[in-house]
């Protein structure tokens, strides 16, 4: 019996966006990147055959949309965004999700096309950069996930955090400009 080859990433690019994908026995992982956006999806399956079929269908869909498979050298030449897997991007807030807040963390759970999806983020920093997709009923029924916040409340929390961050940055810039404009004690002595 031979040793299974180690899974490797493949990347497909069209214009200024690209998808990378890696296949495991009962799962596949996907990353998406375009300028200012970087996100990851984990797709988990109960059966190997289902994972393989979904993986092949995903690659076929990209090829049908005009994406082209890159060589390792072409992948290495792609622009790098940020350090690590995430950029601090805030993605769309799903309408169909149940939301639960724990401190500054928002968890979202929803079903799309019979797939249970979980995502989340930190208020004011990011949302939706990582999604877990549970296929074949692996995630359990959505009713098992309580909802403590409505979608509108989640959007409002992120909007308030963004406004606060903007006001804080503006105040810091104003204070820095004021400090630069204020003459030092030695400069005042020279003027007198």
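The values are calculated or read from the model by the stated rules, or taken from the named source; none is laboratory data. Predicted, not measured: the structure shown is a model, and the values here were computed from it. Please note: Cβ atoms are built from the backbone with ideal geometry, for glycine as well, and neighbour counts cover all protein chains shown.
For the range 131-149, which positions are at pLDDT 85 or above and either surrounded by fewer than 16 Cβ atoms within 10 Å (Cβ to Cβ) or part of a loop (DSSP other than H, G, I, E, B) (or both)? Listed by number, the list holds a single entry, 135. Being part of a strand (DSSP E or B), within 19 Å of residue 77 (Cβ to Cβ) and touching a strand residue (DSSP E or B) at 6+ places or on another chain (Cβ under 6 Å) is a condition met by no residue of the range 37-50. Looking at the range 18-38, can you tell me whether even one residue there is surrounded by 16 or more Cβ atoms within 10 Å (Cβ to Cβ) and under 30 Å from residue 150 (Cβ atoms)? So far as the range 18-38 goes, yes, one or more of its residues are surrounded by 16 or more Cβ atoms within 10 Å (Cβ to Cβ) and under 30 Å from residue 150 (Cβ atoms). Is there a residue in the range 65-73 that is surrounded by 18 or more Cβ atoms within 10 Å (Cβ to Cβ) and in contact (Cβ under 8 Å) with a residue 60 or more places away in the chain? Scanning the range 65-73 turns up no residue that is surrounded by 18 or more Cβ atoms within 10 Å (Cβ to Cβ) and in contact (Cβ under 8 Å) with a residue 60 or more places away in the chain. Residue check: is residue 84 at pLDDT 90 or above and surrounded by fewer than 17 Cβ atoms within 10 Å (Cβ to Cβ)? Answer is no for this residue. Going by the structure shown, is residue 160 at pLDDT 85 or above and over 21 Å from residue 36 (Cβ atoms)? In short, yes. Among the residues of the range 104-122, those that are in a loop (DSSP other than H, G, I, E, B) and either at pLDDT below 90 or surrounded by 14 or more Cβ atoms within 10 Å (Cβ to Cβ) (or both) comprise 113, 114. Do we have residue 186 as modelled with pLDDT under 85 and either touching a helix residue (DSSP H, G or I) at 6+ places or on another chain (Cβ under 7 Å) or surrounded by 10 or more Cβ atoms within 10 Å (Cβ to Cβ) (or both) here? Considered against the rule, which asks whether it is modelled with pLDDT under 85 and either touching a helix residue (DSSP H, G or I) at 6+ places or on another chain (Cβ under 7 Å) or surrounded by 10 or more Cβ atoms within 10 Å (Cβ to Cβ) (or both), residue 186 comes out as no. Quick check on the range 66-84. Is at least one of its residues touching a helix residue (DSSP H, G or I) at 6+ places or on another chain (Cβ under 6 Å) and assigned to a loop (DSSP other than H, G, I, E, B)? Within the range 66-84, not a single residue is touching a helix residue (DSSP H, G or I) at 6+ places or on another chain (Cβ under 6 Å) and assigned to a loop (DSSP other than H, G, I, E, B). Among the residues of the range 80-92, at least one is in contact (Cβ under 8 Å) with a residue 12 or more places away in the chain, within 23 Å of residue 159 (Cβ to Cβ) and out of contact with any strand residue (DSSP E or B) (no Cβ under 8 Å at 6 or more places or on another chain).
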